[in-house]
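J.: My questions will all concern the structure given below.
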Amino acid sequence: MTSSIRTAAAAVVALGLGLAAPARADELTVGAFGGSFADNVKACHIAAFEKATGATVALKLGNSSQFAAAVRAGAGSPDMDVIFIDNSLAVQIRNEKLAEPLQRAKLSHAGEIIPNAWGVDDSYVVAMVSATALVYNPKLVKAPPTSWMDLADPAYAGKYAIGDISGTSGLQFLLALNKMKGGTLDNLDPGFEAIKPLAKGSAVLYTQADQLLSLFERGEIAIAAWYPDRAGVAMDKGLSLAVAYPKEGSVGILPVVQIPKGSKKVELAHKFIDTVLSADGQKCFSERAYIGSVNKGVTLSDKVSHIAPTGAALDSMWFIDPDVLAKQIPGWTRRWQREVAR
Amino acid sequence: MKRHGIALAGPLALVLAVFFLAPALLTLPTGFREYVPGQGITAGSWTLDAYRDIVSDDFYREVLWRTLGLGLAVTAICLLLGYPLAWMIARGPAQLRMPLLLLVIFPMMLNLVVRSFGWIALLANRGLINNLLTDLGLIAAPVKMMFNLTGMLVGLVHIYLPFMVLMLVAAIQNVPRDVEAAAMTLGSTRRHVFLAITLPLTAPGILAGSILVFVLTISALVTPRMLGGPTYRVMATLIYDEYMQMLDWPTGSALAFVLTAIALAIIWAANRVARRWAVT
């Protein structure tokens, strides 16, 4: 690709993401997911970072694949200095040689982080632990669900929801089902067979996590393969929900922080990531977002650890090799488009 | 005269060339690169794989036909609904002209996302229409009106009808009333006057409005994303997904250029047909 194409592509992607204001010398541009995620990043990380460094942070909102597209389009001169991104796409960026390796020496909290949080060659570090699990309305579901297949219970016909494969939960539910039915990551036939009828009967194949809020609120669905952290936040707002981790094991979601190659503010970016990894930052984010922490020094409150993946739920959780995911997701997505969502 | 025309169109042509045509063409080579999932676009590669996949894959073909069919259907509905309305605006009582025009233009003042959300509120399984029908006891289970052809047609016709009407109003106003009056005095029926004189004379407007609506429909992204969802895909949503979700830019580029080429061919053909019709 010539540089002019890249510039043009960068411009197109930049337009898609909303034009960023011209960055000042002491301004760090951080890509983060929208909604309550961005609010929590502001409250837990940005405030502390700005206070400690005197620099300011400009937030850019998007989802993981949009950030990956933007980093590729930037091709070495990215328009973001730090991105929050799903681990499989962080591996993709690393494989495209567009990730700036993290320098643990520059991260004062590096030693407090669980060892397997680091990406290959330190190309990223996991920032939090979430999951795809079962979320249900206890007013409509009397006995707490225990298995992924409880979604197929005739009692919930038309009153359950699973995600489209474009969202993490949709993909992970497919993979969990596949594993249950004897499939492997090289052979998804059992998974696709099992999910076809489930997808057809789903009240909606949601593409945005918060689509389920109104469905739960109106009682249109009783149970869903969804995110415990979203459920926790919704419960704070008064929704009647509960979280169950299926006995087959839930699937882990690992949003990471990464520095795109070519960032002009690598030093400052490390300071921001250090803030994210700090016990204070982790604790604050976990408590607000109902999400697991990667800092060994953090103890979650009872309220949060009841919902976030901890203890036995964490031990039985399936963490899928992000490298395999990065290579396989496009093919699985195409198959889904043709066989499931057609 | 001719040179004046070029000079007048020059500035716009230049802007279009620099800011639209050039960036669009710069993405053309991307379609001939190899994409390796997990690794990215192979630098310096040259392959026809992406184009071959589009031809050989019945899913891509299905979406392509669906997109073109949707474009034709929306255009036809807009024309059928828009012509009488445009007629009313152009020939009807003068005091109705302004209010009617405002009503036509009014939806265009609202953001596309808001308008699509409006339709979601109306068409959803627990939307206003389904709730009303259920409460009246007319239906037992909700009628599915979203994530399928119905929702898409409703949403797109609503959005593009104004373009058609505005084009047709201008065309109908341009028809010389003397010609129609002359035909009437020579014994033509109203029906014959309309079919033999008015309709052919408004052909350029019909063509311009139809091309506009057709092109806008097949390239629409926001409304199909919201009302079509993950199960009812059109080319624009497919291209977006290839670029932004699967990161397979070569396939995305190839799909985009196939769509553009077909759209250009259809416009060219329509132009030829309409020209003949207008002449006879």
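J.: Test of understanding: among B:170, B:141, B:196, B:181, which residue is within 14 Å of another protein chain (Cβ to nearest Cβ) and among the small types (Gly, Ala, Ser)?
T.: Details: B:170 fails: within 14 Å of another protein chain (Cβ to nearest Cβ); B:196 fails: within 14 Å of another protein chain (Cβ to nearest Cβ); B:181 fails: within 14 Å of another protein chain (Cβ to nearest Cβ).
Result: B:141 is the single residue among B:170, B:141, B:196, B:181 that is within 14 Å of another protein chain (Cβ to nearest Cβ) and among the small types (Gly, Ala, Ser).
J.: Now, a different point. Take residue A:272 and tell me if it is touching a residue at least 24 places away in the same chain (Cβ under 8 Å), more than 14 Å from every other protein chain (Cβ to nearest Cβ), among the aromatic types (Phe, Trp, Tyr) and surrounded by fewer than 20 Cβ atoms within 10 Å (Cβ to Cβ).
T.: Working: touching a residue at least 24 places away in the same chain (Cβ under 8 Å): yes; more than 14 Å from every other protein chain (Cβ to nearest Cβ): yes; among the aromatic types (Phe, Trp, Tyr): yes; surrounded by fewer than 20 Cβ atoms within 10 Å (Cβ to Cβ): no.
It is false that residue A:272 is touching a residue at least 24 places away in the same chain (Cβ under 8 Å), more than 14 Å from every other protein chain (Cβ to nearest Cβ), among the aromatic types (Phe, Trp, Tyr) and surrounded by fewer than 20 Cβ atoms within 10 Å (Cβ to Cβ).
J.: Shifting gears a bit: Can you tell me which residue among A:127, A:161, A:133 is closer than 15 Å to residue A:256 by Cβ, in contact (Cβ under 8 Å) with a residue 24 or more places away in the chain and of a type outside the set (Asp, Glu)? Spell out the reasoning first.
T.: Values: A:161 fails: closer than 15 Å to residue A:256 by Cβ; A:133 fails: closer than 15 Å to residue A:256 by Cβ.
Among A:127, A:161, A:133, only A:127 is closer than 15 Å to residue A:256 by Cβ, in contact (Cβ under 8 Å) with a residue 24 or more places away in the chain and of a type outside the set (Asp, Glu).
J.: Which one of the conditions (1) in contact with a Leu (Cβ under 9 Å, 6 or more places away or on another chain); (2) within 27 Å of residue B:245 (Cβ to Cβ); (3) more than 13 Å from chain B (Cβ to nearest Cβ); (4) modelled with pLDDT under 95 does residue A:40 fail to meet, given that it meets all the rest?
T.: (1)
J.: Now for a different question. Is it the case that some residue within region B:123-130 is within 14 Å of chain A (Cβ to nearest Cβ), loosely packed, with under 14 Cβ neighbours inside 10 Å and on the phi < 0 side of the Ramachandran plot?
T.: Of the residues in region B:123-130, the ones within 14 Å of chain A (Cβ to nearest Cβ) are B:123-128, B:130.
Filter again for loosely packed, with under 14 Cβ neighbours inside 10 Å, leaving B:128.
Those left that are additionally on the phi < 0 side of the Ramachandran plot: B:128.
Scanning region B:123-130 turns up at least one residue that is within 14 Å of chain A (Cβ to nearest Cβ), loosely packed, with under 14 Cβ neighbours inside 10 Å and on the phi < 0 side of the Ramachandran plot.
J.: Consider only pairs whose beta carbons are under 6 Å apart and that are at least six residues apart or on different chains; among these, list those whose first residue lies in region A:208-229 and is within 18 Å of residue A:308 (Cβ to Cβ) and whose second residue is of a type in the set (D, E, K, R).
T.: Hits for this filter: A:209/A:230.
J.: Condition check: within 14 Å of chain A (Cβ to nearest Cβ) and touching a residue at least 12 places away in the same chain (Cβ under 8 Å). Does residue B:255 satisfy that?
T.: Values: within 14 Å of chain A (Cβ to nearest Cβ): yes; touching a residue at least 12 places away in the same chain (Cβ under 8 Å): yes.
Here the answer is yes, as residue B:255 does meet what is asked.
Every residue, every condition in (1) buried (at least 20 other Cβ atoms within 10 Å of the Cβ); (2) at pLDDT below 90; (3) within 26 Å of residue B:218 (Cβ to Cβ), yes or no:
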position: B:137; (1), (2), (3): no, yes, no
position: B:149; (1), (2), (3): no, yes, yes
position: B:153; (1), (2), (3): no, no, yes
position: B:158; (1), (2), (3): no, no, yes
position: B:170; (1), (2), (3): no, no, yes
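J.: For the structure I just gave you, tell me whether residue B:225 is part of a helix (DSSP H, G or I), free of Cβ contacts under 8 Å to residues at least 40 places away in the same chain and within 21 Å of the chain's Cα centre (by Cα).
T.: Details: part of a helix (DSSP H, G or I): yes; free of Cβ contacts under 8 Å to residues at least 40 places away in the same chain: yes; within 21 Å of the chain's Cα centre (by Cα): yes.
Taking the combined requirement at face value, the residue satisfies it.
J.: Confirm whether residue B:38 is more than 10 Å from chain A (Cβ to nearest Cβ), surrounded by 11 or more Cβ atoms within 10 Å (Cβ to Cβ) and either in contact with a Phe, Trp or Tyr (Cβ under 9 Å, 6 or more places away or on another chain) or not aromatic (Phe, Trp, Tyr) (or both).
T.: no
J.: Oh, and also: For region B:15-35, give me the residue count where each residue is away from chain A (no Cβ under 14 Å) and modelled with pLDDT of 90 or more.
T.: Of all residues in region B:15-35, those away from chain A (no Cβ under 14 Å) come to B:15-16.
When the remaining residues are screened for being modelled with pLDDT of 90 or more, the result is B:15.
The qualifying residues number 1.
J.: Give me a count of the residues in region A:213-263 that are touching a Ser or Thr at 6+ places or on another chain (Cβ under 7 Å), closer than 24 Å to residue A:143 by Cβ and assigned to a loop (DSSP other than H, G, I, E, B).
T.: The qualifying residues number 6.
J.: Further question on the same structure: Residues to consider are A:283, A:327, A:303, A:261; find the one that is within 14 Å of another protein chain (Cβ to nearest Cβ) and free of Cβ contacts under 8 Å to residues at least 24 places away in the same chain. So that I can check it myself, show each step before the final result.
T.: On the way: A:283 fails: within 14 Å of another protein chain (Cβ to nearest Cβ); A:303 fails: within 14 Å of another protein chain (Cβ to nearest Cβ); A:261 fails: free of Cβ contacts under 8 Å to residues at least 24 places away in the same chain.
After ruling out the rest, the residue left standing is A:327.
J.: Also, I was wondering about something else. Out of the residues in region A:283-342 that are among the acidic types (Asp, Glu) and in a helix (DSSP H, G or I), state the one that is surrounded by the most Cβ atoms within 10 Å (Cβ to Cβ). Break it down stepwise before answering.
T.: First, the residues of region A:283-342 that are among the acidic types (Asp, Glu): A:287, A:302, A:315, A:321, A:323, A:339.
Cutting the leftovers down to in a helix (DSSP H, G or I) gives us A:287, A:302, A:315, A:323, A:339.
Numbers: A:287: 19, A:302: 6, A:315: 9, A:323: 17, A:339: 14.
Among residues in region A:283-342 that are among the acidic types (Asp, Glu) and in a helix (DSSP H, G or I), the one surrounded by the most Cβ atoms within 10 Å (Cβ to Cβ) is A:287.
J.: Inside region A:21-130, counting only helices (runs of 4 or more DSSP H) that do not spill past its ends, which hold 1 or more residues that are surrounded by fewer than 20 Cβ atoms within 10 Å (Cβ to Cβ) and out of contact with any helix residue (DSSP H, G or I) (no Cβ under 8 Å at 6 or more places or on another chain)?
T.: Working: elements: A:36-41, A:47-53, A:64-74, A:87-95.
Where helices (runs of 4 or more DSSP H) fall fully within region A:21-130 and carry at least 1 residues being surrounded by fewer than 20 Cβ atoms within 10 Å (Cβ to Cβ) and out of contact with any helix residue (DSSP H, G or I) (no Cβ under 8 Å at 6 or more places or on another chain), they are A:36-41, A:47-53.
The values are calculated or read from the model by the stated rules, or taken from the named source; none is laboratory data. No experiment lies behind these values; they were computed from the predicted model shown. Counting neighbours? That spans all protein chains shown, and the Cβs are built from the backbone with ideal geometry, glycine included.
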